[in-house]
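Below is one structure, written out as structure tokens; the observations come after it.
Every number in this text was worked out from the coordinates using simple rules, so none of it is lab data. Quick caveat, the model's predicted, so the values are computed rather than measured. When we count neighbours, we look across all protein chains shown, and the Cβ atoms used for this are built from the backbone with ideal geometry, even at glycine.
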Amino acid sequence: MPTKPDIPIALDVQDLQVYFKLRGSGLSRLLGKEGGTVKAVDHVSLRLRRGEVLGLVGESGSGKTTLGRAILGLVPATGGAIEHTSGGESVDISKLRGRALREHRTKVQMIFQDPHAALNPAMTIATQVGHPLVIHQKLRGAELRERVVAALESVGLAPAEQFMGKYPSDLSGGQKQRAVIARSIILNPDVLVADEPVSMLDMSVRAKILQLMLDLKHKLGLTYVYITHDLATAKFFCDRVAIMYLGKVVEIGPTDEIFANPRHPYTQALLKAIPDVDPAKQVPRDLPRGEIPDAARPPRGCSFHPRCPLARAECGWEPRDLKALVEEHWTRVPVDEYEHEHAVVGGLRELNTDAKTVLVQPTRGGTVAEIFAMFTKIRDENPDEPLWSGVTRIEQTPDGVAFDFAEPAEIALHPAGSSEVACVRVNAQ
Amino acid sequence: MSDPTIYAQHIRIWYGTPAGPVRAVDDVSFSIQNGEILGLVGESGSGKSTIGRGLLGLLPPGSVMDGELAFKGEDLLALDQKERFKRRGRDLAMIFQEPLTRLNPLMRVSEHFTETLRTHFPKISDAEVEKRSLDVLQVIGIPPSRWKAYPHEFSGGMRQRIMIALALVLRPAFVVADEPTTALDVLVEAQIIRILRDLAEQFDTALLLITHNLGIIAEACDRVAVMYAGKIVEIGDARDVFSDPQHPYTQELLRSTITLTTDGLHSIPGAPPDLIDPPSGCHFHPRCPKAMAHCAVAEPPVRNKRGGKPEPGTTDVACWINQLADVPEDARGPLERGEISVADEA
């Protein structure tokens, strides 16, 4: 990964975990059961060199925003370290609390997604852009005003006098985002976390804001973490890109490499799914099914396996995938056939588990043989369905049909070309 | 040829505000055939959502709409409120953005469908409700085993599918989809666009797809209308418009869209105009790189791209460049204008 070893590292995220505890129901708390945990960021390591732009790309629920907020200390880290180096001094942001953390935030700032919500509607632009200076440096009077004018003019809100007395409602979306950027750079930070800074803006404005951010980066020597779901802007804006899925980085590498040679099936799917303005280029029909799963109950093995078109036996197949397959089968059969099958197997609640072995029991009206016949039929409909490669045993027992699932392989980032990829298929090559 | 599903001519919609009337939609004409998807693309404030709501009669109080609007040959604007209410849902339906907030969290999926169907067909039996609903839900990829589930048990993409199914269960002939994928991830967005495309074909529905995303238009639509400041500046076959854009705004919009093949940033100078007091002549002239002196004085009429009368099947443009013969010779020179200050930039 070290492409330019001579440039110092600005931010070193090591094995970061951010977990959120779920409360669970009242009864389970009385019984002393744990409510479960959402692993929003799950053992993520990243390095940013000074002046670099790193893109965090993923769908909603991938943990990219939580990771960005953890870098500012806005959410507490459960484990790992976030080492920030500035002016020769290194600090672990994840260990800072209270005043020390607030002071440190003068060096790491955030640009929020929605400029309409990030500005206080009751404050003038001058007041809120200058607010960080009042809080951290106790500036006031002419000196404060001078710094605010400089910040506004550096983001293109010039002449500054025209904007200082205005309220956010007087500004267009692009102007508001400029004000938000002015507020985030006024303390001279060296790292900026930009959370979807252009996704709420119109197409014709996006380019202007991205250009402004690039100009500021060169002028002020900034390092960016650019959080986005939009691969097209990431391709243009970033030096390196990390693709996230369900709290984990599944692929990371130089932007050129990721876009020219996407290796993880998820990255490949994301790239194929972007609708192009050229009507001759149609989005292919073989895109991953379903959606990002519930982070409180992540899939076994590779989190992407239930949607992966290239999944194999060792990817972590489990009973819940079997349920999804049956439900998908039910969207294709005639309603009376569904009603018959549903009467035999019931709601398939027993499949709501990630256990290695599961027993599908017949309802009062059904028999084991009927269940077996149903699964055989579903299997014969599409024998190439990757799930079946992960089923090591289907057996009729006196109590029901028993399924065994293959043991998942270890999934971790491994080098592939100049990228790193977490996929058993890629790593086996 | 039979009447188009939607025939809209010279539609104007104004909103009353304390500062004066906002001309949100200003003399817009188009028609949609059955089974056809017309994409309406424009930036925020261009009036695209207002058109969608206006077609369904869902404009807020304080707005006025005039022009000619016919649904299968029937004049919709002549109907009284009660008659329009009856048409809504059964003949003309809407798929809203943000499916997360549009379903009632206290109602099961089955109850949503029962309510929708019973409002229009009070006599229909429970079994018939279930049959009709499951038919549509299946097409859209929701397993019948989820019939009694609550909205929170579904993911965002599934909820948008349910919203689409709710709109389609009454088999409307015309559907407005207003930014149906904005809250969704790119992979789910692709699934929903494909569903909309298949449905227009399968149910022969006329669909108006409103979006700011040019990629979605190129992916899903047969025809496209580009809106700027309350007007349709260009309308025609989607392939034709995207491969050979005529209006300078369409050209600039395509250039400023960031795609995977973008290698340089491009943006349109200036900002969209104030629709209380829109610019004289062509609304785009203050930002137009090709503006002539005439553009600031006279508003360009809609002509087909060769300069002749608009006809079915032609790409039509409202730009003087396509009708140069009608521009006085002394007014063809480049428009002289002041610098656009950074302050006016969006």
Binned at 5 Å starting from 0, the alpha-carbon pair-distance distribution of segment A:59-186 in whole percents comes out as 2, 10, 18, 19, 17, 15, 11, 6, 2, 0
If you average the C-alpha positions of segment B:224-238 and of segment B:79-155 separately, how far apart do those two centres end up, in angstrom? 32 Å
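With the contact rule set at Cα under 8 Å and sequence spacing of 6 or more, what percent relative contact order holds for chain A?
15 percent
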Relative contact order (percent) for segment A:137-256, with alpha-carbon contacts under 8 angstrom and 6 or more residues of separation? 19 percent
Which value at 222 nm does chain B reach when only helices count, each DSSP H run of 4 or more adding -39,500 (n - 2.57), with the total divided by all residues and rounded to the nearest 500 deg cm²/dmol? -8500 deg cm²/dmol
Rounded if a/c is under 1.5, else prolate if a/b beats b/c, else oblate: with a ≥ b ≥ c from the C-alpha gyration tensor eigenvalues square-rooted, which is segment A:260-336? oblate
Summing -39500 (n - 2.57) over the DSSP H runs of n ≥ 4 in chain A and dividing by its residue number, what mean residue ellipticity at 222 nm do you reach, to the nearest 500 deg cm²/dmol? -10000 deg cm²/dmol
Kirkwood-based Rg/Rh on the Cα set of segment A:317-405 evaluates to 0.92
Treating every alpha carbon of chain B as one equal point scatterer without solvent, the Debye formula yields log10 I(q)/I(0) values at q = 0.06, 0.10, 0.14 Å⁻¹ of -0.24, -0.65, -1.18
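When the convex hull of the C-alpha atoms of segment A:119-182 is computed, what volume per residue in Å³ does it have?
Given the Cα convex hull of segment A:119-182, per-residue volume reads 75 Å³.
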Points 7 angstrom from Cα along the Cβ direction at residue A:335 and residue A:310: gap in nanometres? 4.2 nm
Which order do the peptides A:46-56, B:266-276, A:192-202, A:278-288 come out in when sorted by mean C-beta neighbours inside 10 angstrom, highest first? A:192-202, A:46-56, B:266-276, A:278-288
Over all directions, the average projected area of the alpha-carbon convex hull for chain A comes to how many nm²? 26.3 nm²
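Provide, as a two-decimal number, the C-alpha radius of gyration of segment B:128-201 over 2.2 N^0.38 Å, N being how many residues it has.
Scaled against compact globular proteins, the figure is 1.07.
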Highest-first arrangement of A:156-167, A:310-321, A:137-148, where packing means the average Cβ count within 10 Å: A:310-321, A:156-167, A:137-148
What is the Å³ per residue value for the convex hull set by the Cα atoms of segment B:41-100? 131 Å³
When chain B is modelled as a GNM with alpha-carbon springs shorter than 10 Å, which of B:170, B:324, B:254 fluctuates the most? B:324
Taking amide H positions as placed in the peptide plane 1.01 Å from N, state which residues far from residue A:249 in sequence (5 or more) or on other chains have amide H under 5 Å from it. none
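Give the Kirkwood hydrodynamic radius (Å, one decimal) of segment A:1-125, defined as one over the mean of 1/r across all pairs of different Cα atoms.
16.7 Å
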Kirkwood hydrodynamic radius (Cα pairs, Å) of segment B:1-69? 12.8 Å
In nm, the gap between the two label points placed 7 Å beyond Cα toward Cβ at residue B:311 and residue B:131 is 4.8 nm
Rounded to the nearest whole number, the Stokes-Einstein translational diffusion coefficient of segment A:198-310 at 37 °C and 0.692 mPa s (Kirkwood radius, C-alpha pairs) in µm²/s is 204 µm²/s
Here the whole-number average of other chain Cβ atoms within 10 Å per Cβ of B:127-140 is 1
Please give the average number of partner chain Cβ atoms lying within 10 Å of the Cβ of each residue in B:251-261, rounded to a whole number. 6
Taking Cα pairs closer than 8 Å and at least 6 residues apart, the relative contact order of segment A:119-182 in percent is 47 percent
Using only the alpha-carbon atoms of segment B:169-228 as identical scatterers, what base-10 log of I(q)/I(0) does the Debye formula give at q = 0.14, 0.18, 0.27, 0.29 Å⁻¹? -0.38, -0.62, -1.30, -1.42
Rg followed by Dmax, in Å, when segment B:84-131 is reduced to its Cα trace: 12.0, 32
Stokes-Einstein diffusion coefficient of the protein assembly as shown, Kirkwood radius over Cα pairs, 25 °C, 0.890 mPa s, in µm²/s: 85 µm²/s
I want to verify a result. In a Gaussian network model of chain B, Cα cutoff 10 Å, which of these has the top mean-square fluctuation: B:128, B:219, B:234? B:128
Please state the Cα pair-distance histogram of segment A:181-230 with 5 angstrom bins from zero: what percent is in each bin? 5, 19, 32, 27, 13, 4
Whole-Å distance linking the alpha carbon centroid of segment B:277-303 with that of segment B:12-27 is 19 Å
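Give, as a single signed number, the net charge of other residues whose beta carbon lies under 10 Å from the beta carbon of residue B:158, with Lys and Arg counted +1 and Asp and Glu -1.
Every neighbour counted, the sum reads +1.
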Angle between the Cα long axis of helix B:81-90 and the longest principal axis of chain B, 0 to 90 degrees, nearest 10? 70 degrees
Which one of A:94, A:389, A:25 has the biggest mean-square fluctuation once chain A is modelled by GNM with Cα springs under 10 Å? A:25
Label residue B:12 and residue A:97 with points 7 Å out from Cα along Cα→Cβ: what is the distance between them in nm? 6.7 nm
For peptide A:204-217, compute the average count of partner chain beta-carbon atoms within 10 Å of each residue's beta-carbon. 4
